[in-house]
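Remarks on the structure that follows.
The values are calculated or read from the model by the stated rules, or taken from the named source; none is laboratory data. Quantities reported herein were computed from a predicted structural model and do not represent experimental measurements. Heads up, the Cβs are rebuilt from the backbone with ideal geometry, glycines too, and the neighbour counts pull from every protein chain shown. Please note that ligands, DNA and RNA were not included when accessible areas were found on the heavy atoms of the full protein model with its side chains. Shrake-Rupley method; radii C 1.70, N 1.55, O 1.52, S 1.80 Å.
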Amino acid sequence: MESLRHLYRIGIGPSSSHTMGPQSAAKIYLQRHPEAKAFDVVLYGSLAATGKGHMTDQAILRVLEQQSTVDLHWEPHTRLPFHPNAMKFAVVQPDGTLFDEWTVYSIGGGALSQGPNDAIEHRRVYPLTTMKEIIEWCSKTGCSMWEYVEQNEGPEIWDYLRQVWQVMCEAVERGINREGVLPGPLGLQRKAPVYYTKAMGYKANLQSSGLVYAYALAVSEENASGGIIVTAPTCGSCGVMPGVLYHLGHNHRFSEERMLHAIATAGLIGNLVKYNASISGADVGCQGEVGVASAMAAAAACQLFGGSVTQIEYAAEMGLEHHLGMTCDPVCGLVQIPCIERNAFAAARALDANFYASLSDGQHRVSFDRVVRVMKQTGHDLPSLYKETSEGGLAKMDE
């Protein structure tokens, strides 16, 4: 598995796979051909189907049009074998022929790959790649999951995770103060400021739930407007972790060190899913985005409240299990409906999963590893119209 630096990416929304990934690919290709005067770019599958709503074209053109003309093609009904988020770059020579064609895939969370076992920027950091192996290591050494992260990443990982936490908090604080309409044809009003104000008027038990909703909405709305966020594990699910952790951090006054430990534990959960299945909505549906984010947030919360390794695993398992089968069906291809609302509900569900696991002894029948395998198979069984193509599900709600 790769470093948590490749899971927690700091960048602009609204989509890690449709905005961050393509923009990174364009930068790589431009570095290869800095003197080129014209480029030809083809977007396939999900990248083409919902690319305009996700601003994929703008992300690519912002890089390549600095010095060259760009001919951009959309082929939503052509899916390449490896992954539905495919794109092909080429230099257009003076005689009109194409040179150095490069096919690359945006596989989720801003990561790129050139095909099976050919990830770009790939560097294996973690030798253990299943939850079972990590639990056995923790049992043998007496260490926690965050200590496993530190052992493999080195102490310098804390500086990076401190930056991650800062960006998460800033996104919450911007989002709960910004009013107005989100960009795009839906005319969707921001809700976080209203939810925050109303939540403050309730008694403690209801106020807690309302604030979690508000914080998750705040970050998701910042993402939808192209603001700076952290993929956790993706842009489309970026509100879940900050919604939970910002609330717990302020309500229970956990130290920064403990918050970073929780973020490290959550990152390990996300990494396991990314390595063994997928965090791409175009590949496995929203279960791979919001479902994984809920699992990560549940694990982080359980870490903060002193859960054992098996309780943390149980919390993460429930966070993912109870999102199995969730489709990715964005209306108009925008990361707004139902994405923003799902972030708020997944944050609340993460806290429920933590509480449920904390009441148990951590023993249960369905393991986290098994749920990850089931999630992968379930995602691949879903028809493509339910996987970030806006061809089915809620995306067709106006018909």
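Within the chain, CYS138, CYS143, CYS169, CYS235, CYS238, CYS302, CYS332, CYS339 have no other Cys Cβ under 4.7 Å of their Cβ and so lack a disulfide-compatible partner by this rule. Per residue, the solvent-accessible area of the stretch 1-78 (1.4 Å probe, heavy atoms of protein chains only, all protein chains present) comes to 38 Å².
Counting only heavy atoms of the protein chains and using a 1.4 Å probe, MET375 has close to 0 Å² of accessible surface.
Excluding ligands, DNA and RNA, the accessible surface per residue across the stretch 231-389 is 32 Å² with a 1.4 Å probe. Per residue of the chain, the DSSP helices (runs of n ≥ 4 H) give a summed -39500 (n - 2.57) that works out to -15500 deg cm²/dmol at 222 nm.
Judged by the ratio a/c of the largest to the smallest principal axis of the C-alpha gyration tensor, the stretch 183-267 counts as oblate, that ratio being 1.5 or greater while a/b is no larger than b/c. For the stretch 303-399, the relative contact order works out to 48 percent when only alpha carbon pairs closer than 8 Å and six or more residues apart are counted.
With an 8 Å Cα cut-off and a minimum separation of 6 or more residues, compute the relative contact order for the stretch 175-303 in percent. Contact order relative to length: 20 percent. For the stretch 287-399, the fraction of 1.4 Å probe accessible surface lying on carbon and sulfur atoms is 52 percent. For the stretch 123-203, the Cβ-based charge dipole about the Cα centre amounts to some 540 debye (Lys, Arg positive; Asp, Glu negative; other atoms uncharged).
In this simple spin-label model, placing a label point 7 Å from the Cα along the Cα-to-Cβ direction at both HIS77 and CYS143 gives a separation of 5.4 nm.
A 1.4 Å probe, protein heavy atoms only, puts the accessible area of CYS143 near 40 Å². When ARG32, ARG162, ARG190, ARG373 are compared by accessible area at a 1.4 angstrom probe, the order from most to least is ARG373, ARG32, ARG162, ARG190. Distance between the 7 Å Cα→Cβ label points at TYR275 and THR69: 4.8 nm. Straight-line reach from LYS387: taking Cα to Cα under 29 Å and skipping same-chain neighbours fewer than 8 places apart, the lysines in range are LYS27, LYS52, LYS88, LYS191, LYS274, LYS376, LYS396. Rounded to the nearest percent, how much of the accessible area of the stretch 147-263 (1.4 Å probe, protein heavy atoms only) is carbon and sulfur? Roughly 48 percent, rounded to a whole number.
What the stretch 120-188 shows is 55 Å² of accessible area per residue, with the surface traced by a 1.4 Å probe over protein heavy atoms.
Of the accessible area of the stretch 1-136, computed with a 1.4 Å probe over protein heavy atoms only, carbon and sulfur atoms account for 50 percent.
Rounded to the nearest 20 Debye, what is the dipole magnitude of the chain about its Cα centre when Lys and Arg each give +1 and Asp and Glu each give -1 at the C-beta?
On the way: 31 positive and 41 negative charges, 141 e Å.
Magnitude of the dipole: close to 680 debye.
Computed from phi, the 3J(HN,Hα) profile of the stretch 106-117 under the Karplus parametrisation 6.51, -1.76, 1.60 (θ = phi - 60°) reads 9, 9, x, x, x, 7, 10, 8, 9, x, x, 6 Hz, with x in place of Gly and Pro. Contact order, relative form, for the chain: 19 percent (alpha carbon pairs under 8 Å, 6 or more residues apart, mean separation divided by residue count). Pull out a ≥ b ≥ c, the square roots of the eigenvalues of the alpha-carbon gyration tensor of the stretch 85-228, then state rounded if a/c is under 1.5, prolate if not and a/b is larger than b/c, and oblate in the remaining case. Because a/c hits 1.5 or more and a/b fails to exceed b/c, the stretch 85-228 counts as oblate.
Pull out a ≥ b ≥ c, the square roots of the eigenvalues of the alpha-carbon gyration tensor of the stretch 1-72, then state rounded if a/c is under 1.5, prolate if not and a/b is larger than b/c, and oblate in the remaining case.
Since a/c reaches 1.5 but b/c is at least a/b, the shape of the stretch 1-72 is classed as oblate.
Less than 5 angstrom separates the built amide H of ILE107 from those of LEU112, SER113, all sequence-distant by 5 or more or on a different chain. The heavy atoms of ILE10 offer some 60 square angstrom of accessible surface to a 1.4 angstrom probe.
Sorting the segments 167-174, 236-243 by their residues' average number of neighbouring beta-carbon atoms within 10 angstrom, most packed first, yields 236-243, 167-174.
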